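Following: one structure in structure tokens, then a few remarks.
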Amino acid sequence: ILSFTFPLFFSSLCCFQLLPMNLISSPKFSSSSTKSFSFRFLLCLFLLNFFCVLSFASLRSHQYQQNHKKPIMILANLTSCSLFMGSWVYDETYPLYQSSSCPIIDSQFNCQMYGRPDTDYLKYRWKPTNCEIPRFNGLDFLLRMRGKTIMYVGDSLGRNQWQSLICMISAAVPRGAQTQYITGDPLSTYKFLDYGVSVSFYRTPYLVDIDSVLGKRILKLDDITKNSNAWRGVDVLSFNTGHWWTHKGALQGWDYMDLGGKLYQDMDRLVALERGLRIWARWIDANIDKSRTKLFFQGISPTHYNPSDWTTGTSTASSTRTCYGETVPMTGTAYPGTFPDQMGVLKEVIRDMSNPPFILDITFLSAMRKDAHPSIYSGALTSEQKANPDHSADCSHWCLAGLPDTWNQLFYTALFF
């Protein structure tokens, strides 16, 4: 304001001083005095105009600088925003909730309850390279989703994210809000009754069906009929798969694969994954109306079982036992290790779809979080197992509160902004 009013005051004062004194005392002027007055008057107008232009320019410059001090908000679906590339920033305002106050966290994810001694891993916020993302607001989420349904479909990483969202919303709802929790297999649902919002998890690690024939588990690479019946009519669907396709031995979830009516004891696991994903993609293209249903697919969540992926040849005491003892994220903008091969298969299949989902590409940002796994701080471990982290640390799932909260913050951003 001062930069605008002071020049006007100064130029007005100059105009007053430039007026001939005999303008007040005499009604008549000589020719010379008239010319002198005209020159002075024109000079006065010039000065007044000059200072006005200068003041407005100064004001606009000030406004421009003030506006550009604010973070730039770029929406998630714009190609100019590198939503999934960036770095982790320490932020004392995190986490968004305390695990002790959340009504639903599996023991295998509840690291604080089961003795994790450090808490810094809870304090990191994801900062994309060239944009800002909104802070998650649980009440806003419920109001926007009033009367609607959300379903996570996939394996235990999907369950990790499902429980995270329930915790994030629960931290924001008014005390006394009515809820309902219905557990089951394969379907579990948590309802926020006052808002008519339900958040479900449908367990199907391969997405395609598994049948039991003569006591044998048959993975049906060409069939998704049974599972997909549960997905119809849902307002927001978020899928994930990948990890179970590579499991062998006791962790393998099938005895035979059925492809085109022929049974296989085994085949290239990435080939099997691609075949299963293409059946899923065909069903999505034929059955999901994207004007009615919002569709997401979560990127492959990385594991941290090989310290050489993040130590780049440097041996340290904290990195010799898989993810055990890791307490801080990686820095920089590049992950030195390898990403899951399943991610390439997933992107190739989705690229060929006519009705593709939004890929919640959490692979890179999660790879940088070697510190965020349960490790040995899981209720499922015995004291003997905890004493042997080399063989028992969980470096696949994630602590809650923790990294899946960021997945849901990005989910929230992509869904509404």
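The values are calculated or read from the model by the stated rules, or taken from the named source; none is laboratory data. Since the structure is predicted, the reported quantities are computational estimates derived from the model, not experimental observations. Here the Cβ is made from the backbone with ideal geometry for all residues, glycine too, and neighbour counts use every protein chain on show. Each accessible area value is taken on the protein alone, full model and side chains, heavy atoms only, with ligands, DNA and RNA left out. Shrake-Rupley method; radii C 1.70, N 1.55, O 1.52, S 1.80 Å.
Over segment 267-417, with a single point scatterer placed on each C-alpha, what log10 of the ratio I(q)/I(0) does the Debye formula yield at q = 0.09, 0.12, 0.17 1/Å?
-0.37, -0.64, -1.06
Please arrange Val208, Val89 by accessible surface area, largest first, computed with a 1.4 Å probe and ligands excluded.
Numbers: Val208 0, Val89 50 Å².
Heavy-atom accessible area, descending, gives Val89, Val208.
Considering Cα pairs under 8 angstrom that are at least six residues apart, work out the relative contact order of segment 225-354 and quote it in whole percent.
Values: 101 pairs, mean separation 38.7, N = 130.
After rounding, I find 30 percent.
Sort 96-109, 289-302 for me by packing, meaning the mean count of neighbouring Cβ atoms within 10 Å per residue, highest on top.
Numbers: 96-109: 16.9, 289-302: 18.8.
Descending mean neighbour count gives 289-302, 96-109.
Could you pull out the pairs from Lys216/Lys386; Lys347/Lys386; Lys294/Lys347; Lys127/Lys347 whose alpha carbons sit more than 29 Å apart here? Write out the running numbers ahead of the final one.
Working: Lys216/Lys386 34 Å; Lys347/Lys386 37 Å; Lys294/Lys347 18 Å; Lys127/Lys347 24 Å.
Listed pairs above 29 Å: Lys216/Lys386; Lys347/Lys386.
Asn355 to Ala230: extension gain in nm, 0.36 nm per residue of separation minus the Cα-Cα distance?
The Asn355-Ala230 span can extend by a further 43.1 nm.
Please compute the length gained on full extension between Asn130 and Glu92, using 0.36 nm multiplied by the number of residues separating them and subtracting their Cα-Cα distance. Can you show the working numbers first?
On the way: separation 38, 0.36 × 38 = 13.68 nm, distance 2.19 nm.
Between Asn130 and Glu92, full extension yields 11.5 nm more.
Between Arg292 and Lys216, what FRET efficiency comes out of the Förster formula 1/(1 + (r/R0)^6) with R0 = 35 Å and r the beta carbon distance, rounded to 0.05? Mind showing how you got there, number by number?
On the way: r = 39 Å, r/R0 = 1.10.
FRET efficiency, Lys216 to Arg292: 0.35.
Could the peptides 139-147, 216-224 be put in order, highest first, of the mean number of other beta-carbon atoms found within 10 Å of their residues?
On the way: 139-147: 15.6, 216-224: 18.6.
Peptide ranking by packing, descending: 216-224, 139-147.
Using only the Cα atoms, what convex hull volume per residue in Å³ does segment 239-338 have? Each step should come with its number before you reach the end.
Values: hull volume 17.0 nm³, N = 100.
Roughly 170 Å³ of hull volume per residue.
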